[in-house]
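Notes follow the structure.
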Amino acid sequence: MIPINLPILGQEEIDAVTSVLKNGPLTNALGMGPKVTAFEKEFGRFAQASYAIAVSTGTSALHLAIASTGIKPGDEVILPSFTFVATAEAVIMAGGIPVFADIDPNTFNINPEKIEEKITDKTKIILPVDLFGFPADLQSIRKIALSKDVFIIEDAAQAHGAKYFGKSVGVLSDATCWSFYASKNMTTGEGGIITTNNSELADIMKMLRTHGEKMKYSSISLGYNYRMSEIQAAIGLVQLNKLPKFLSKRKKNANKLTELLSKNNRLDLPNESENMISSWNLYTIKIKNSNEKERDNIVDLLRKKGIGATVYYVNPIHLMPYYRTNFGIYHLPETENIAKSVFSLPIHPKVTESQIEYIAQTLIKIL
Ligand SMILES: Cc1ncc(COP(=O)(O)O)c(C=O)c1O
């Protein structure tokens, strides 16, 4: 099976981890771990941000960033429902109420017009996601956020390398959260980081990351243990070096697949533009005039042919039992329609050109 994504690790990562195991330290307990410190510096530079705070997972990155805004119980956070469940989970963990807004069916990202419809006096944060690695419409979102005086926390868990108007995604947000889970464009096994240009938020996040401490044994707030280990950071430093190569192979594969699949007129293919460059974490396509049964059938047939086609977010968050029960009934027509008609194809750096040809030929034959 050609997997939909896979971690790509080699001798350099093994050597980096071995060196930490032999020489220590293992942890970043007082914010002094040399690997974590170096990784924060390098990732901050990559993301064009002044501050970077490395943490244990992308989910803890989201929780810390949301908590750092001073969110209070009952405050509302506007986010898409068509995303991984962690985006909404983090809102609730921080005491907020998730308010779901519908998406733009062309980008699969939150629709700024729908955000405006959901803004209330209780709105504290807008939480766009760069889904599948495609930048959300941050210019429009920023206009809304500035006029309503609310924070933007961006979920860029899938978007390492995505560019929005020539700059890294994340630069227009108050804080941006990234994941290094094994399926992401670069990995530390589990891991995450927050980037920001706001020194005040950065200080709060660092304090919350380690038990609400600025000084040892002197907590000034409820906190967490969300630290990244030195072992994770050692892997991250090597992976960050390899990221440009990973990204260019993903892009090459995506472009080739688009060239081959555009011969078939039943498919809506992902559409980059000069100002919207994808990180190509997932190559996600929509079948025109289709239904869920046909989509699932196509995915099954592809999988039988050894192609790891995968449906992401078949159940948008607002339709999940816990969220329906606790946060009300939503009808989000674009989200629900897209969840029934899209699927993703493998384009990760280990997919060869001949495999891309095989994927395209097989899909066209099935259609
Ligand atoms: C969009 C999105 N948000 C948040 C997360 C959570 O990241 P993690 O798995 O590192 O906790 C992920 C990935 O898993 C994700 O894809």
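Where a number appears in this text, it was derived from the coordinates with a stated rule and is not lab data. Note that the coordinates shown come from a computational prediction; the quantities given were computed from them, not determined experimentally. FYI the Cβ positions are ideal-geometry reconstructions off the backbone, even for glycines, and counts take in every protein chain you see.
Just a few scattered comments:
- Multiplying the residue separation of Asp203 and Asp300 by 0.36 nm and removing their Cα-Cα distance gives an extension gain of 30.1 nm.
- Mean Cα-pair separation over length for region 11-239, i.e. relative contact order, pairs under 8 Å, 6 or more apart, %: 28
- With helices as the sole contributors, the chain gives -12500 deg cm²/dmol at 222 nm; each DSSP H run of n ≥ 4 counts as -39500 (n - 2.57), and the sum is divided by every residue.
- In Å, descending, principal axis extents of the Cα set of the chain: 65, 53, 37
- Positive-end residue of Pro25, Ile110, Leu146, charge dipole of the chain with Cβ unit charges: Pro25
- The spacing between region 201-261 and region 61-97, judged by their C-alpha centroids, is 18 Å.
- Using 0.36 nm per residue and subtracting the Cα-Cα separation, the extra length available between Lys118 and Glu259 on full extension is 46.9 nm.
- Long hydrophobic helices in the chain, taken as whole DSSP H segments with a C-alpha length of 24 Å or more on their own axis and mean Kyte-Doolittle hydropathy at least -1.0: 230-261.
- Model label points for Gln11 and Phe165, set 7 angstrom from Cα along the Cα-to-Cβ axis, are 4.6 nm apart.
- Each DSSP beta bridge with both residues in the chain is either parallel or antiparallel, and the antiparallel ones are about 60%.
- Residue of Gly166, Gly58, Gly308 that the Gaussian network model of the chain assigns the largest fluctuation, springs spanning Cα pairs under 10 Å: Gly166
- Prolate/oblate/rounded label for region 82-135 (Cα gyration tensor, a/c 1.5): oblate
- 18 Å Cα-Cα threshold exceeded, pairs from Lys256/Lys304; Lys22/Lys184; Lys252/Lys350; Lys114/Lys288: Lys256/Lys304; Lys22/Lys184; Lys114/Lys288
- Calculated over region 244-366: convex hull of Cα atoms, volume per residue (Å³): 139
- Spacing of the two label points (7 Å from each Cα toward its C-beta) at Thr352 and Leu21, in nm: 3.2
- Counting only Cβ charges, +1 for Lys and Arg and -1 for Asp and Glu, the dipole size of the chain around its Cα centre is about 840 debye.
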